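The next block holds one structure in the form of structure tokens; read it before the comments.
The values are calculated or read from the model by the stated rules, or taken from the named source; none is laboratory data. Nothing here was measured: the structure is a model prediction, and the numbers come from that model. All Cβ positions, glycine included, derive from the backbone under ideal geometry; neighbour counts span all protein chains shown.
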């Protein structure tokens, strides 16, 4: 069977990535999870994957796609997920978040990315919604906020 990885959609739903195709959960039973191609309506695609309930093993893979897979778009999806995660969970500068997420990205994927001013705006919008305290910039501060002292 093929190797696969997991990511999340923009709405934090699970996303399975396999051979350049992306799949979302169609239905779940006690022992299986059925995944359908993400753009099943757009392409009228019959591509399906079945995994066990813990999502560790591919049980069935239907490669009946009527279009080619796109490994660049899956790289971009993973890049966008990293951006979302770091924007919410770190206090790095916007440019540092982008630089970190660009590591190990292929040249084709970098060429296909949206304009960086849009990526920066997305990071700033995500950060506007989180509740991380501001980093103290004064040398004489006497209390480190609790959220900045705890590690996971």
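Suppose the filter is modelled with pLDDT under 90, part of a loop (DSSP other than H, G, I, E, B) and surrounded by 11 or more Cβ atoms within 10 Å (Cβ to Cβ); does residue 132 pass it?
So residue 132 fits the description; yes.
With the condition being in contact with a helix residue (DSSP H, G or I) (Cβ under 9 Å, 6 or more places away or on another chain) and closer than 28 Å to residue 99 by Cβ, I'd like the strands (runs of 3 or more DSSP E) fully within the range 1-83 carrying at least 1 qualifying residues.
5-8, 14-18, 21-28
Give 101, 45 a once-over and let me know the one that is closer than 30 Å to residue 27 by Cβ and surrounded by 13 or more Cβ atoms within 10 Å (Cβ to Cβ).
45
Go through 85, 60, 39 for me and flag whichever is over 29 Å from residue 126 (Cα atoms) and free of Cβ contacts under 8 Å to residues at least 24 places away in the same chain.
Selected residue: 60, the only one of 85, 60, 39 that is over 29 Å from residue 126 (Cα atoms) and free of Cβ contacts under 8 Å to residues at least 24 places away in the same chain.
Is it true that some residue in the range 37-50 is more than 18 Å from the chain's Cα centre (by Cα) and in the same structural domain as residue 125 (by TED's automatic domain parsing)?
Within the range 37-50, none of the residues are more than 18 Å from the chain's Cα centre (by Cα) and in the same structural domain as residue 125 (by TED's automatic domain parsing).
Could you say whether any residue in the range 105-121 is surrounded by 10 or more Cβ atoms within 10 Å (Cβ to Cβ), in a loop (DSSP other than H, G, I, E, B) and without any contact (Cβ under 8 Å) to a residue 24 or more places away in the chain?
yes
Name the single residue, out of those in the range 20-53 being at pLDDT below 90 and out of contact with any strand residue (DSSP E or B) (no Cβ under 9 Å at 6 or more places or on another chain), that is farthest from residue 78 (Cα to Cα).
So, considering only residues that are at pLDDT below 90 and out of contact with any strand residue (DSSP E or B) (no Cβ under 9 Å at 6 or more places or on another chain), the one farthest from residue 78 (Cα to Cα) is 44.
Which one of the conditions (1) modelled with pLDDT under 90; (2) surrounded by fewer than 16 Cβ atoms within 10 Å (Cβ to Cβ); (3) more than 25 Å from residue 33 (Cα to Cα) does residue 87 fail to meet, given that it meets all the rest?
(2)
Which of the residues belonging to the range 11-36 are touching a residue at least 12 places away in the same chain (Cβ under 8 Å) and within 15 Å of the chain's Cα centre (by Cα)?
Across the range 11-36, the qualifying residues are 13, 14, 15, 16, 17, 18, 20, 21, 22, 23, 24.
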